[in-house]
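Any read-out appearing in this document is the output of simple, stated calculations on the displayed coordinates, not a laboratory observation. Worth saying up front: this structure is predicted, and the values here are computed from it rather than measured. Neighbour counts are summed over all protein chains in view; Cβ atoms, including those assigned to glycine, are modelled from backbone coordinates with ideal geometry.
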Amino acid sequence: MNYRNGQVSTLPASAGAALRQAARFGSGQHLPERLLTSLLDGGLLVESDRPRPWRAAREARAPKSSWGGDEFRAGLSPLPPVPRTRLLAAAAALAAVHAVKAAGPKQEAMGRVLKLVHSASTTGRRRPATASEAEQAVHASRSAGWYSPGRTNCLEESAAAMLLLHLTGKAAVWRHGVAPDPIRLHAWIETLDGTPVAEPASVGLYTAILSIPGAFHVT
């Protein structure tokens, strides 16, 4: 996952095993040439003057077969009502997310959004958001998304919810994860005790690969 441009690359099992081996020793000398070239060209690996081991890729949990019936239910569920003032604040937060996305090269939009979330999560003094406070922020952001003229999916909604909590002096954790077979990506927020906020049980199928605050670096 390239968090600068949002591009996703997947590997077959044999290539994945080779990449884990490279991560262990910090060297790509044992990688197949085509895989090594592809990773270098995509900016997923960089050349170094000495071996530098890195954290191995996390393996996601395999879900039970559902044929989409659990993750993608038909129909729309009404959102809980939120105070008008909170809805307006969420609309402003969502507008800020869209403005950041548009303020530069399109291929780097995701990186800019993540830097915004990181900045909101690491500046100022905040207290942990309660489950109720975090849920209200998420519901407000999703409600505002209905009126947004731009693309508003889980990335934009979760980023806006984080901004909204920041504006009210509350702290939460932003997560981005992957679920396998078929490959699916999702962004959501959790309270500081690790409880997903306003998410269905199927969020448990996702393995978090990026957390903010947490290990974060986008060049």
>> Taking the 0 to 90 degree range and rounding to the nearest ten, how far is the long axis of helix 131-145 tilted relative to the main principal axis of the chain, both from C-alpha atoms?
In response: 90
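Can you pull out the chymotrypsin sites (Phe, Trp or Tyr not before Pro) in region 111-215 whose DSSP state is coil and whose Cβ has at most 13 other Cβ atoms within 10 Å? Don't skip to the answer; put the middle values down first.
On the way: sites: TRP146, TYR147, TRP174, TRP188, TYR206; in loops: TRP146, TYR147, TYR206.
Hits after loop and neighbour filter: TRP146, TYR147.
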> Hey, what angle do you get for helix 84-102 against the long axis of the chain, alpha-carbon based, 0 to 90 degrees rounded to 10?
Replying inline: 30
>> Quick one: 3J(HN,Hα) in Hz for region 196-211, Karplus 6.51/-1.76/1.60 with θ = phi - 60°, rounded, Gly and Pro as x.
In response: x, 9, 6, 10, x, 4, 5, 5, x, 6, 8, 9, 5, 10, 8, 10
> Going by alpha carbons, how many degrees (0 to 90, nearest 10) lie between the helix axis of 109-122 and the longest principal axis of the chain?
Replying inline: 60
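Under 1.5 on a/c is rounded, so check that first for region 84-212, then, if it is not, pick prolate when a/b is larger than b/c and oblate when it is not; a ≥ b ≥ c are the square roots of the alpha carbon gyration tensor eigenvalues.
Working: a/c = 1.35, a/b = 1.05, b/c = 1.28.
Because its axes are fairly even, with a/c under 1.5, region 84-212 counts as rounded.
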> By the scheme Lys and Arg +1, Asp and Glu -1, what is the net charge of all other residues having a beta-carbon under 15 Å from that of GLU47?
Replying inline: -1
